[in-house]
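The values are calculated or read from the model by the stated rules, or taken from the named source; none is laboratory data. As the structure is a computational prediction, the values presented were derived from the model and not from experiment. Neighbour counts are summed over all protein chains in view; Cβ atoms, including those assigned to glycine, are modelled from backbone coordinates with ideal geometry.
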Amino acid sequence: MNTWKTKGTDRLIDDVIEEVKARLGKIQEESCGDPPTGKVLVLGKLDQTDENMLQSFANICTSPETGEWDFIVAAQVSAGLLAFTALGIPGQPEAKWILEALLGGKKVYFLEKGLEYRKYRETSYKALYQKYQEYEEEIRRFGGEIVTGIQEAAELEMRVQKSACIIAENDSAAFDLTRLKLLGESDLGKLRGTGYRTVLIGRKTIITPLAKDYISNHNLTVRRQQ
């Protein structure tokens, strides 16, 4: 084994982790100022680098019996688990925990590299593969987040916590979209990761049918400007 290469790789990993911690720290400074004390339920196995990143801002638990958790990271998602979750069926323990979290308004982050069905892109029948892509999109509609890695999940969750602090200080806080004459689904997508559950729109703003579906599916509240 090349010891020099191994040490170099370890240093690179450490540098990446420190950079992520610094970015999360900056987000935290802009929030309520409290140290991160959230608890995360991890489904599946994380590699050591991802685990270290996650531990930098949350307490990790791997069993729901350990008590309440604030959000979930689904590190490994089988084709069956993806299907059960997308269909709203608690057919596996993991699907039950994910659905309960989403029903309770908690965030669930699915790691892209842990989505099992994607490994079969080259061999699967096209119609079957497309069905699982639809399942993935359905999970997004339910409020789940498909993320590229732990860093993205961490940053999104920190922003959710930050917004929760802001909203707690002002119960009437709303995401301001009053400048829009037409409110579309993509406009509502800007709420992703902000923690806002209320949208403020103009008195004459028109809401598209897809936007109405998004509002209903994500349990959002819409207020019109007086």
Problem - Members of the range 190-226 that are buried (at least 17 other Cβ atoms within 10 Å of the Cβ) and over 19 Å from residue 105 (Cβ atoms) - result: 200, 201, 205, 207, 211
Problem - Per-region count, the range 206-222, residues in a loop (DSSP other than H, G, I, E, B) and among the polar types (S, T, N, Q) - result: 2
Completion exercise
If we take the range 1-110, then helices (runs of 4 or more DSSP H) inside it with 1 or more residues that are modelled with pLDDT of 80 or more and in contact with a strand residue (DSSP E or B) (Cβ under 8 Å, 6 or more places away or on another chain) are 48-55, 79-86, 93-103
Practice task
Could you identify the single residue in 190, 131 that is part of a helix (DSSP H, G or I) and at pLDDT 95 or above?
Solution key: 131
Practice task
Considering each of 159, 203, 179, 140 in turn, give the residue that is charged (D, E, K, R) and either at pLDDT below 85 or part of a strand (DSSP E or B) (or both).
Solution key: 159
Practice task
Check the range 124-131 and report whether any residue there is in contact (Cβ under 8 Å) with a residue 40 or more places away in the chain and surrounded by fewer than 18 Cβ atoms within 10 Å (Cβ to Cβ).
Solution key: no
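Each row is one residue, and each column tells you yes or no for (1) assigned by TED's automatic domain parsing to the domain that holds residue 210; (2) small (Gly, Ala, Ser); (3) within 14 Å of residue 76 (Cβ to Cβ).
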| site | (1), (2), (3) |
| --- | --- |
| 90 | no, no, no |
| 117 | no, no, yes |
| 138 | no, no, no |
| 143 | no, yes, no |
Exercise for the section: Tell me which residues, restricted to the range 60-94, are within 10 Å of residue 43 (Cβ to Cβ) and aliphatic (A, V, I, L, M). Expected result: 72, 73, 74, 75, 77, 81
Handout entry: Residues that are touching a residue at least 40 places away in the same chain (Cβ under 8 Å) and part of a loop (DSSP other than H, G, I, E, B), drawn from the range 111-123
Key = none
